[in-house]
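Just so it is clear, none of the values below were taken in a lab; they were calculated from the coordinates. What you see is a predicted model, and the numbers here were worked out from it, not measured in a lab. Note that each Cβ is placed from the backbone with ideal geometry, even for glycine, and that neighbours are counted across all protein chains shown.
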């Protein structure tokens, strides 16, 4: 039987991630995120049931690593070593630096970060940037301040507005989406790029069906591209 054919019974596939809109957004909404919609459409057509929940990123990674959940959404390879990744690159992130509009600091390389207090989110890799710069300076709050839990972007924006950090690092698409849908109350300035990376749905190394699920997702993604359905999903989140 082909992997993409409907199952004789409905297996439940659990997806988790911290809200990272537009990549993955609020569960049980009409716009749960384009990566979530891609997974839902592919797995539902193949006869599976998909659940999706938000939680702190560290909790999602830990739970999936030890088999509590099937997969994490919006993950880069550096964040989840040992996980089963799809071959298809389903998303993309561009991790930018932002300051308040009256701050003229500009990123010119990691050494230029020595001049500022940087705000980041726990266990976000930001491509290679987390291990390249954040981890070596975790014990230096005058250089790096990392927050865990939910709502990392909002909390870092509040810290930036209050002058507790000078710079924050965030995915451009997440920041643009938030700025479009929420009233910031502050003016931000782009100050450089930390790194760029492809995003995936990655499956638990502790669950026996992970490789099968990844293959179903790969095959289904190719069909979505060929049929034009992927373009329709993406248009909901990136209108022209």
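Relative contact order for the chain: 31 percent, from Cα pairs under 8 Å spaced at least 6 residues apart, divided by residue count.
Pairs of Cα atoms nearer than 8 Å and 6+ residues apart set the relative contact order; for the range 15-86 it is 39 percent. With the convex hull constructed from alpha-carbon coordinates only, the chain shows a mean projected area of 13.4 nm² over all directions.
If R₀ is 41 angstrom, what is the calculated FRET efficiency for the pair residue 128 and residue 10, using the beta carbon separation as r and rounding to 0.05? Working from the Cβ atoms, E equals 0.55. Placing a label point 7 Å from the Cα of residue 186 along the Cα-to-Cβ direction, the residues of the range 128-161 whose backbone N falls under 11 Å of that point are 154-161. The modelled label-to-label distance between residue 62 and residue 30, using points 7 Å beyond Cα along the C-beta direction, is 3.7 nm. Between 0 and 90 degrees, the angle of helix 152-161 with respect to the longest Cα principal axis of the chain falls at about 10 degrees.
Just need the Rg to Rh number for the range 194-234, please, alpha carbons only, Kirkwood Rh. Here Rg/Rh amounts to 1.09.
Helix 210-227 and the long axis of the chain differ in direction by around 90°, with both axes built from C-alpha atoms. The alpha-carbon atoms of the range 93-196, seen along their principal axes, cover 34, 27, 23 angstrom, with the largest extent given first. Radius of gyration over Kirkwood radius for the range 34-122, both on Cα atoms: the Rg/Rh ratio is 1.08.
The helix-based estimate of mean residue ellipticity at 222 nm for the chain, built from -39,500 (n - 2.57) per DSSP H run of four or more residues and divided by its residue count, is -8500 deg cm²/dmol to the nearest 500. If the segment from residue 94 to residue 147 were pulled out straight at 0.36 nm per residue, it would be longer than the present Cα-Cα gap by 17.1 nm.
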